[in-house]
Amino acid sequence: MVENYGSEAILIESQGFVGVSTNTNLVFIGSAPSGTLNEAVTVTSLTDASTKLGLALGDGHNLSEALEAAFSIAGINKVTCIPISHEQAPNKSEYLGDAALGTGIYAYEEMLRNAPSATNLVCLPSVTDSEILNAMLALCKNADGLYASYLVYDLPLNDGELNASNYVNPATIVKTKTISDMYSTAVWGQIRTSAGHDISGAAVRASLMAKSDANYGVPARVAGNLEVPAIQGVVGVKGEEKVIAKIPRSSANELSADGICTVRRRGSVYVTWGDHTSAFAGGNVTDELARFENRIRMNAMLKNRWVMKYDSIIDSPLTLQMRNDIINAEQDYLNGLVAIGALIGEPKCEFMAVSNPIDNIVQGNFTWNITVTETNPLKYMLARIAFSVAGLSFYTE
């Protein structure tokens with residue numbers, strides 16, 4: 001028999017079609033020349049990374065790719081790195097690690113136990129192995145049995161994805177999507193930086209996501225159509241070499257329709273493109289929660305915040321005043337999210353009889369229902385422009 005004990009929150013099915021500081025915890029897992037393995041370290045600059053982990057841009061370690069994305073491109077001021085190997089190309093077992101020992105990806109779980117955060121982004125730069133990514137995804141969904149995170153991952157680059165003129169072939173790329181899940185974003189293409197380094201596209205998008213979160217204090221915005229400064233272009237593979245890929249808007253839209261994000265040129269600038277989770281496929285999703293990145297990320301944030309906020313009052317007497325104080329505190333917070341544009345409509349926090357049968361209450365198990373609607377991105381704008389003969393009367397007036 002399983003005994004319920006402690007505070008917990010779960011995500012439930014969406015209710016029909018109606019449907020945070022960055023303090024975003026941006027975590028990169030990979031290799032570095034030095035530093036204690038399987039321990040999280042906060043890095044605040046390239047100099048700090050050199051001192052703590054021996055990293056230098058372009059040194060062949062994938063954590064250096066993450067730092068170039070975070071500091072040189074996105075311009076954020078803090079990331080967390082978890083080195084799982086000192087080799088430039090870690091083997092699969094080093095990533096998969098051992099849950100009992102807290103090694104490999106499981107070092108992330110230990111990090112959340114020690115320093116939980118409401119909003120968590122995870123990226124394994126340039127890692128495309130499906131076994132590793134699926135293991136990481138499982139932790140993102142329920143690390144330590146409590147915390148939810150969001151994974152941004154790279155698709156593999158393969159010969160045949162570019163035609164003779166270096167234009168992308170979306171149909172070929174779609175076949176390489178290794179994960180289709182609402183807790184993740186799939187990214188195609190490496191990014192060639194102004195320094196000439198080819199780095200993880202997922203690391204760039206994750207860094208820009210964290211930067212965007214800071215504008216609202218919560219993950220209110222999808223990560224599409226964000227400017228990617230100081231880059232030369234998007235890189236694909238052609239034969240034995242990497243080349244700058246050409247990605248027309250129509251091709252980027254095809255990728256987006258199957259839950260794959262990329263970077264495209266828009267006039268004189270490069271921008272991220274695509275706003276769906278990787279669960280999106282064939283232009284649709286089975287659960288509306290999975291349609292846009294901000295929906296699941298906001299729900300995950302609310303889940304984590306609930307656990308972090310109320311874990312300290314577990315085993316306190318639940319008086320009617322405490323019950324009402326929780327309802328009012330949560331309702332005030334939800335109303336605040338509406339005020340900043342992160343939610344729309346009338347979110348609710350309720351304590352309902354139907355969710356609290358006597359059999360549960362007698363065991364000390366209590367449930368509050370929270371319903372929210374995330375603000376939709378302005379995904380598409382249409383202007384209907386027509387010729388009118390009315391203006392021709394000008395000639396005869």
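The values are calculated or read from the model by the stated rules, or taken from the named source; none is laboratory data. Since the model is a prediction, treat every value here as computed from it, not as a measurement. For neighbour counting, all protein chains shown are included, and Cβ atoms are generated from backbone atoms with ideal geometry for every residue, glycine included. The area values use the complete protein model at the heavy-atom level, side chains included, leaving out ligands, DNA and RNA. Shrake-Rupley method; radii C 1.70, N 1.55, O 1.52, S 1.80 Å.
Within the span defined as the range 371-381, one or more residues are within 30 Å of Asn225 (Cα to Cα) and acidic (Asp, Glu). Across the range 332-355, the qualifying residues are those that are under 26 Å from Asp287 (Cα atoms) and more than 26 Å from the chain's Cα centre (by Cα), and the one among them that is least open to solvent (accessible area, probe 1.4 Å) is Ser355. Return a yes/no flag: does the range 299-320 have any residue that is over 26 Å from Pro116 (Cα atoms) and touching a strand residue (DSSP E or B) at 6+ places or on another chain (Cβ under 8 Å). Taking every residue of the range 299-320 in turn, none turns out to be over 26 Å from Pro116 (Cα atoms) and touching a strand residue (DSSP E or B) at 6+ places or on another chain (Cβ under 8 Å).
When every residue of the range 217-240 is checked against the conditions, none turns out to be out of contact with any helix residue (DSSP H, G or I) (no Cβ under 8 Å at 6 or more places or on another chain), modelled with pLDDT of 95 or more, of a type in the set (A, V, I, L, M, F, W, C) and assigned to a loop (DSSP other than H, G, I, E, B).
Pairs linking a residue in the range 286-312 that is part of a helix (DSSP H, G or I) to a residue that is open to solvent by 20 Å² or more (accessible area, probe 1.4 Å) and among the polar types (S, T, N, Q), with Cβ atoms under 8 Å and 6 or more positions apart or on different chains, are Glu288/Ser14; Leu289/Ser14; Leu289/Asn299; Asn294/Thr375.
When residues in the range 234-273 are screened for being open to solvent by less than 70 Å² (accessible area, probe 1.4 Å) and more than 22 Å from the chain's Cα centre (by Cα), 12 of them pass. Out of the range 356-397, which residues are of a type outside the set (A, V, I, L, M, F, W, C), in contact with a Phe, Trp or Tyr (Cβ under 9 Å, 6 or more places away or on another chain) and surrounded by 13 or more Cβ atoms within 10 Å (Cβ to Cβ)? Within the range 356-397, Asn356, Asn360, Thr367, Asn369, Glu374, Asn376, Pro377, Lys379 meet the criteria. Close Cβ contacts (under 6 Å, 6 or more residues apart or on different chains) running from residues in the range 153-173 that are among the small types (Gly, Ala, Ser) to residues that are open to solvent by 10 Å² or more (accessible area, probe 1.4 Å) and at pLDDT 95 or above comprise Gly160/Thr172.
Checking each residue in the range 143-168 for being of a type outside the set (D, E, K, R), more than 15 Å from the chain's Cα centre (by Cα) and under 12 Å from Glu109 (Cα atoms) picks out Ala143, Gly145, Leu146. For residues in the range 274-289 being touching a helix residue (DSSP H, G or I) at 6+ places or on another chain (Cβ under 8 Å) and surrounded by fewer than 24 Cβ atoms within 10 Å (Cβ to Cβ), which is nearest to Ala214 (Cα to Cα)? Of everything passing the filter in the range 274-289, Asp275 is nearest to Ala214 (Cα to Cα).
Among the residues of the range 140-180, those identified as open to solvent by less than 10 Å² (accessible area, probe 1.4 Å), closer than 26 Å to Ser117 by Cβ and among the aliphatic types (A, V, I, L, M) are Ala143, Ala148, Leu151, Val152, Ile179. With respect to the conditions (1) open to solvent by less than 50 Å² (accessible area, probe 1.4 Å); (2) polar (S, T, N, Q); (3) closer than 24 Å to Ala40 by Cβ; (4) touching a Pro at 6+ places or on another chain (Cβ under 9 Å), Gln88 lacks only one, and its number is (1).
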